[in-house]
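Visitor: Pasting in a structure now, in structure tokens, and then I'll have a few things to ask.
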Amino acid sequence: MRLGIDVGGTNTDVVLLEGTSIVANDKSATTPDVTSGIRDGIQRVLTSNPGVVIDAVVIGTTHFINAVTQAKGLAPVASIRIATPPQDLLPLTDWPAEISRACNGGVFVVRGGSQYDGSPINSLDEEALLVIAEQLGNEKTRHVAITATFSPLNNEAERRAAEVLLGANPNLSISISSTVGRVGILGRENATILNEALRPLATSVIDAFTDVLSDLTGSAPVFLTSNDGTVMTLEAVQQHPIFAIGSGPTNSMRGASALCELSDTAAAVVVDVGGTTTDIGLLQAGFPRESTIAVSLGGVRSNFRMPDVISLGIGGGSVVDPESGTVGPASVGYELTTKALVFGGDTLTFSDIAVAAGFVSMGDPTAVSHLPTDLIDRALSDVRDRINAAVEQAQLASDHVLIAVVGGGAPLIAPLVAGEVSVPTEPGSANAVGAALAMAGGEIDRIESLAGTTREEVLDRARTDARNQAIDAGADPSTVRIVDEENIPLSHLPGGTASRIRVRAVGDIILEGALQ
């Protein structure tokens, strides 16, 4: 059996899964120290099922996105760009002031890098790197992010720069952009800086999880979920915590697919209703559609694999304006059970509106019997309009698709959603179920020249490479399948014979011998 855990800002969910069937689940408020809440949830689930053998533990966590959005727990990073000096737009340009201050460990530009076809622009200025290494040592700056032009096509300059720096200062911790982001230097650079800034936090988070789980789950391998619905070993998370930063919505969408028993070929819009926000995205082939544009993390535009999700400030704890009936974005969050009217509090929340409207029964319904009918109608109309507009935007087509509503607040929102709506039996467990069902995956994203070859031959090579990456990540070769691919001609580049190729493959995890 698998143990799936989702640590959210409001609740922590633990689910025991046999195949895709829920054997036991537990939901409790996320504790300030996080780990004690996880421990208590696991103990309750295991106590109700004595003697079960845990094959794997898969965790989804908000630690990393919270650190970025709050600009807390981030390490200062020296940002080294390998390009042609001087540069007009330097690293950290357009970053919000607070997060820039937290992450800024110095900005440097070094000669070198590649062109779009992977050919070198200039030779790498290794002497300049040695000067930088000495400066970082003097300033006791340990973390470094290296970004070279077009490094996803040719990462030799980045790798050599890391070798030079480590040779001069072995205590450095280095992230290189070719292993983090996609083509597009500014977004890739931003993602690489954030990745390196998160690495100390990743180490402490993993140590905390390991301490909690070792006593409860024995030798079962432990994974964290990534942004695209696949798993990461603990070692991989320590290297690339940025890949786990957006796993929450992805887990819920994957869980919705399982709980609503959707086929691998079915498409659906998933509406995930939490205590503070509602996330809406399109599910294709059992996985969220990926964003094809830069995503914003705490106001920092980044370019790496993330789900294409619309987030609305609507949830069970959303505060309702008693005059206008506007819902959110402020929320009482995990304090819902003490601050909402139906629980004896003095704050009007959307949960109170849903109880007054007869959607759900919780707390003391008489506490909201005095609410004016027009106020209830205005609040419901506000939510109905915004939710359905986002569903339509996520769908991006007139084709009929199922709308799966999940999350702890699913009963509050489902009556307002237009179309064919499905609410599974355990909607609040979707996030933990999605975590438990995460797969191993691999992705190829590169620019290929079509000179002397065909697009189909280039795609075949990319498919093979993506499958091999998935297998290297722990996938059973017999289960690996392609779930997404793109072939975008780049006629604006010199020669007009280049294409951007992106292919993603996934497969079931081989648990025997998996890394912990």
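The values are calculated or read from the model by the stated rules, or taken from the named source; none is laboratory data. Keep in mind it's a predicted model, so treat the numbers as computed, not measured. Heads up, the Cβs are rebuilt from the backbone with ideal geometry, glycines too, and the neighbour counts pull from every protein chain shown. Note: accessible area is taken over every heavy atom of the protein model, side chains too, but ligands, DNA and RNA are not part of it. Shrake-Rupley method; radii C 1.70, N 1.55, O 1.52, S 1.80 Å.
Visitor: Could you pull the Rg and Dmax for segment 1-116, using just the Cα atoms, both in Å?
Guide: 21.8, 65
Visitor: Give the calculated FRET efficiency between Asp472 and Ser311 to the nearest 0.05, with a Förster radius of 30 Å applied to their Cβ-Cβ distance.
Guide: 0.35
Visitor: For segment 3-145, what proportion of DSSP beta bridges, expressed in % and rounded to the nearest 5, is antiparallel?
Guide: 50 percent
Visitor: Further, regarding this structure: Per the helix-only calculation at 222 nm, which mean residue ellipticity applies to the chain, given -39500 (n - 2.57) for every DSSP H run of n ≥ 4 and division by its residues, nearest 500 deg cm²/dmol?
Guide: -10500 deg cm²/dmol
Visitor: I want the antiparallel fraction of DSSP beta bridges within segment 167-301, as a percent rounded to 5.
Guide: 100 percent
Visitor: Could you give the nm distance between label points at Asp374 and Ala266, where each point is 7 Å from its Cα heading toward the beta carbon?
Guide: Placing both labels 7 Å along Cα→Cβ, they lie 4.3 nm apart.
Visitor: Assigning unit charges at the beta carbon (Lys, Arg +1; Asp, Glu -1) and nothing else, what dipole magnitude in debye, to the nearest 20, does segment 332-381 show about its Cα centre?
Guide: Roughly 60 debye for segment 332-381.
Visitor: Turning to a different aspect of this structure: For Cα extents along the principal axes in Å, one of (1) 75, 52, 51; (2) 109, 68, 57; (3) 77, 70, 58 was computed from the structure I shared and the rest are decoys. Which label?
Guide: This structure yields the entry labelled (1).
Visitor: Whole angstrom only: what separates the Cα centroid of segment 69-89 from the Cα centroid of segment 181-245?
Guide: If you average the Cα positions of each part, the centres end up 20 Å apart.
Visitor: Let me ask you something else. How large a share of the accessible area of segment 94-157, in percent, is made up of carbon and sulfur atoms when the probe is 1.4 Å and the other protein chains stay in place?
Guide: Roughly 44 percent of what the probe reaches on segment 94-157 is carbon or sulfur.
Visitor: Classify segment 368-511 as rounded, prolate or oblate, taking a ≥ b ≥ c as the square roots of the eigenvalues of its Cα gyration tensor: rounded when a/c is under 1.5, otherwise prolate if a/b is larger than b/c and oblate if not.
Guide: oblate
Visitor: How many nm separate the modelled label positions at Arg44 and Thr497, each set 7 Å beyond the Cα in the direction of the Cβ?
Guide: 6.4 nm
Visitor: What order do you get for 144-152, 227-235 when each peptide is scored by the mean count of other beta carbon atoms within 10 Å, highest first?
Guide: In decreasing order of mean packing, 144-152, 227-235 become 144-152, 227-235.
Visitor: Can you list which of the GluC sites (Glu not before Pro) found in segment 275-349 are DSSP loop residues with at most 12 other C-beta atoms within 10 Å?
Guide: Counting only loop positions with at most 12 other Cβ atoms within 10 Å, the GluC sites (Glu not before Pro) in segment 275-349 are Glu323.
Visitor: Which of the three applies to segment 105-264, rounded, prolate or oblate, going by the alpha-carbon gyration tensor with a ≥ b ≥ c and a/c under 1.5 meaning rounded?
Guide: oblate
Visitor: Once you put a point 7 Å from the Cα of Glu457 and another 7 Å from the Cα of Thr338, both along the Cβ direction, what distance in nm separates them?
Guide: Simple spin-label model gives 6.8 nm for this pair.
Visitor: What is the ratio of the Cα radius of gyration of segment 382-450 to 2.2 N^0.38 Å, with N the residue count, to two decimals?
Guide: 1.52
Visitor: Another one. Give me the accessible area of Met1, 1.4 Å probe, in Å² rounded to the nearest 10.
Guide: Roughly 50 Å² of Met1 is accessible to a 1.4 Å probe.
Visitor: To continue, here is another question. Indicate, rounded to the nearest 5 percent, the antiparallel portion of the DSSP beta bridges found entirely in the chain.
Guide: 65 percent
Visitor: Could you please report the charge total around Ile65, scoring K, R as +1 and D, E as -1 over all other residues with beta-carbon less than 14 angstrom from its beta-carbon?
Guide: Once all neighbours under 14 Å are counted, the net charge is -1.
Visitor: Among 187-196, 350-359, 383-392, how do they line up by average Cβ neighbours within 10 Å per residue, starting with the highest?
Guide: 187-196, 350-359, 383-392
Visitor: Among the lysines, which fall within straight-line cross-link reach of Lys140, defined as a Cα-Cα distance under 26 Å, with same-chain neighbours fewer than 8 residues apart omitted?
Guide: Lys72
Visitor: Okay, moving on. I'd like the distance separating the alpha-carbon centroids of segment 375-414 and segment 119-156, in whole Å.
Guide: Segment 375-414 and segment 119-156 have Cα centres separated by 48 Å.
Visitor: Same structure again: Amide H to amide H under 5 Å from Val110: which residues, 5+ apart in sequence or cross-chain, H placed 1.01 Å off N in plane?
Guide: Arg81, Ile82, Ala83
Visitor: Taking the mean number of other Cβ atoms within 10 Å as a proxy for protection, how do you rank 85-97, 128-140, 435-447 from highest to lowest?
Guide: The peptides rank, most packed first, as 435-447, 128-140, 85-97.
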